[in-house]
Amino acid sequence: MKLHCLGTAGYHPNESRHTSCYAIPESNVVLDAGSGFFRVGKLLTSDTLHVLLSHAHLDHVFGLTFVLDFLATTPLKHIHVYAEAAKIAAIQQHLFHPLLFPVVPPFHWHSLEDLGTTFRVEETSVTWFPLEHPGGSVGFKLDWQSTSLAYVTDTTCSLNSSYWNVIQGVDWLIHECNFSDDYRELAVKTGHSWAGEVLEAAHKHKIARLLLGHFNPLTDSSDPVGIDHATSRNLRKTPSQIMMATDGLTIDLERL
């Protein structure tokens, strides 16, 4: 089972990163549908796709408008989209308003509130939980027989954030890290996280494999959040494996 990083920037794309999108083709699951969603088509082998949306900001949902390409060029027939009810309504009313996008793809919409805190998507057990972000956001924990993964994006991380109680000890964690430690105040103001706090909190909650993403698109550095600086100050309080998500990166989730 592999995780494909298709979009790893926040806010807008830059020359090397598209916005948030991660695919697990073996489970027919995609996490968020940012501009990187156009890359999903080459990974499709099934007629069904399940898209889990963290929230309705454009950098996480704009890619839903690309689905018509997939229907024409891949085996895809059934597209299931999961989000909070208010987010679904906003996407339907605004992103797919006739003046913006006149041909609405045949989505099957699923309100997270109607499904309960934990539900199944084929062979995947999915748990969702609230995050702190302007307009509201949610994270997801995915469990399979052999491994587990959590997806936490667009939130202000703290050592005692409630979501850590849900994801503590997962095998893999994708966590947003929009800013370096130099921009803590801006991170809090915009509802995002900074490197040092994410590293320390992940260590505290027994996260061994941490994949950082949702980077500020204004920087194109190989270390966009100053991770080397953050770890050098606090080596004993970081996960044992820290990776920077990049577009095109593929990770074997069962290689622990």
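Read the figures in this text as sums done on the coordinates, not as results from a lab. Since we're looking at a predicted model, the values are computed, not measured. Cβ placement follows ideal geometry from the backbone for every residue including glycine, while neighbour counts extend to all protein chains displayed.
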Subject >> Filter result (in contact with an Asp or Glu (Cβ under 7 Å, 6 or more places away or on another chain) and over 29 Å from Lys189 (Cβ atoms)) within segment 125-141 >> reply: Ser125
Subject >> Unmet requirement for Asp154, which otherwise passes all of (1) under 18 Å from the mean Cα position of the chain (by Cα); (2) not in a loop (DSSP other than H, G, I, E, B) >> reply: (2)
**OP:** Among the candidates Thr45, Thr65, single out the residue that is assigned to a loop (DSSP other than H, G, I, E, B), surrounded by fewer than 24 Cβ atoms within 10 Å (Cβ to Cβ) and out of contact with any strand residue (DSSP E or B) (no Cβ under 9 Å at 6 or more places or on another chain).
**Re:** Thr45
Subject >> Residue count for segment 29-42, restricted to those that are part of a loop (DSSP other than H, G, I, E, B) and out of contact with any His (no Cβ under 6 Å at 6 or more places or on another chain) >> reply: 1
**OP:** State whether one or more residues within segment 93-100 are of a type in the set (A, V, I, L, M) and surrounded by 19 or more Cβ atoms within 10 Å (Cβ to Cβ).
**Re:** no
**OP:** Working carefully through the options His18, His12, find the one that is in contact (Cβ under 8 Å) with a residue 12 or more places away in the chain, buried (at least 19 other Cβ atoms within 10 Å of the Cβ) and in contact with a strand residue (DSSP E or B) (Cβ under 9 Å, 6 or more places away or on another chain).
**Re:** His18
